[in-house]
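The values are calculated or read from the model by the stated rules, or taken from the named source; none is laboratory data. Quantities reported herein were computed from a predicted structural model and do not represent experimental measurements. No Cβ is skipped: glycine too gets one built from the backbone with ideal geometry, and neighbour counts run over all protein chains shown. The protein model used for the area step is the full one, side chains on, heavy atoms only, and it has no ligands, DNA or RNA in it. Shrake-Rupley method; radii C 1.70, N 1.55, O 1.52, S 1.80 Å.
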Amino acid sequence: ERKEYVPVEEVLSELREWLRSGEKCDTISLAGSGEPTLHSGIGTLIRAIKGMTKIPVAVLTNGSLLFRSEVQEAVLEADLVIPSLDAGDAHLFQWVNRPVEEISFDRMVEGLESFTKRFRGEVWLEVLLLEGVTAYPAQVEKIAALVRRIGPARVQLTTASRPPAELFAKPVSEGRLLALASLLPGPVDVIATREEPGTSGGP
């Protein structure tokens, strides 16, 4: 259910205060600790932010609700949308993402495709790979076929970097991410924030 989890005016008030402070940033990102497109006022929030500043607005989303026309309409005025696609088929989507029952893989992909075609800004598709689950050429090639269908401006390839909710979620080494990136179409940014296995960190 979409609802106003945090009052829009409360967010805007904090942003006004921050803008008055003279601090600088490249982008204002709407993410939060949950899925931002579940917020019923996200469209109002985006429009209000763009009326306050020329700083680009980005929406970080799992992409699961972009099949809904009202959600598409709400985020169309953003400058950048970064949705996720962490599997190339319905079976692994269920295994990796553990979606609620009403979110189907096919519907999610259709939503990503239709939104990307409508959106005048840029879509950067985040692909998270897990060692022993999706970090295989055959699986990445399935994802690559969907990337071609969706048509994002670029792909951000990453892996688990925080302690996962499930023990099976093992991070992929940077070297392996770089190798698998060659299977994906278009510009691909490899984002690896962890060390290679066997290396020791500094202080």
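Key figures for this structure:
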{"item": "Accessible area expressed per residue, the chain, with surrounding protein chains retained (probe 1.4 Å, Å²)", "result": "55"}
{"item": "Compactness of the chain, expressed as Rg and Dmax over alpha-carbon positions, Å", "result": "17.8, 51"}
{"item": "Loop-exposed chymotrypsin sites (Phe, Trp or Tyr not before Pro) per DSSP, neighbour cap 16 Cβ within 10 angstrom, longest uninterrupted part of the chain", "result": "6-167"}
{"item": "Spatially close lysines, pair count over the range 1-139: Cα under 25 Å, gap of eight or more or interchain", "result": "5"}
{"item": "Length released on extending from Glu23 to Glu4, taking residue separation times 0.36 nm less the Cα-Cα span", "result": "4.1 nm"}
{"item": "Phi to ³J(HN,Hα) by Karplus 6.51 cos²θ - 1.76 cosθ + 1.60 over the range 79-88, Hz, x for Gly, Pro", "result": "8, 9, 10, 10, x, 10, 9, 10, 7, x"}
{"item": "GNM top mover of Leu15, Leu125, Leu60 - the chain, alpha-carbon springs below 10 Å", "result": "Leu15"}
{"item": "Label-point separation in nm, Glu122 to Met52, each point 7 Å along Cα→Cβ", "result": "2.4"}
{"item": "Note, ³J(HN,Hα) from phi for the range 8-18, Karplus 6.51, -1.76, 1.60, rounded to Hz, x at Gly and Pro", "result": "4, 5, 5, 5, 5, 4, 5, 5, 4, 4, 5"}
{"item": "Distant-in-sequence amide H partners of Lys170 (H built 1.01 Å from N, under 5 Å)", "result": "Glu131"}
{"item": "Unit Cα scatterers, Debye sum, the range 13-85: log10 I(q)/I(0) for q = 0.23, 0.27 Å⁻¹", "result": "-1.06, -1.36"}
{"item": "Within straight-line cross-link reach of Lys170, aspartates and glutamates at Cα separation under 14 Å, skipping those fewer than 8 residues along the same chain", "result": "Asp86, Glu131, Glu195, Glu196"}
{"item": "Accessible surface of the range 1-97, 1.4 Å probe, proportion on carbon and sulfur as whole %", "result": "50"}
{"item": "Cut-off under 5 Å, modelled amide H: who pairs with Gln156 long-range", "result": "Leu125, Glu126, Val127, Asp189"}
{"item": "Share of alpha-carbon pairs per 10 Å distance bin for the range 90-154, given as whole %", "result": "18, 50, 29, 2"}
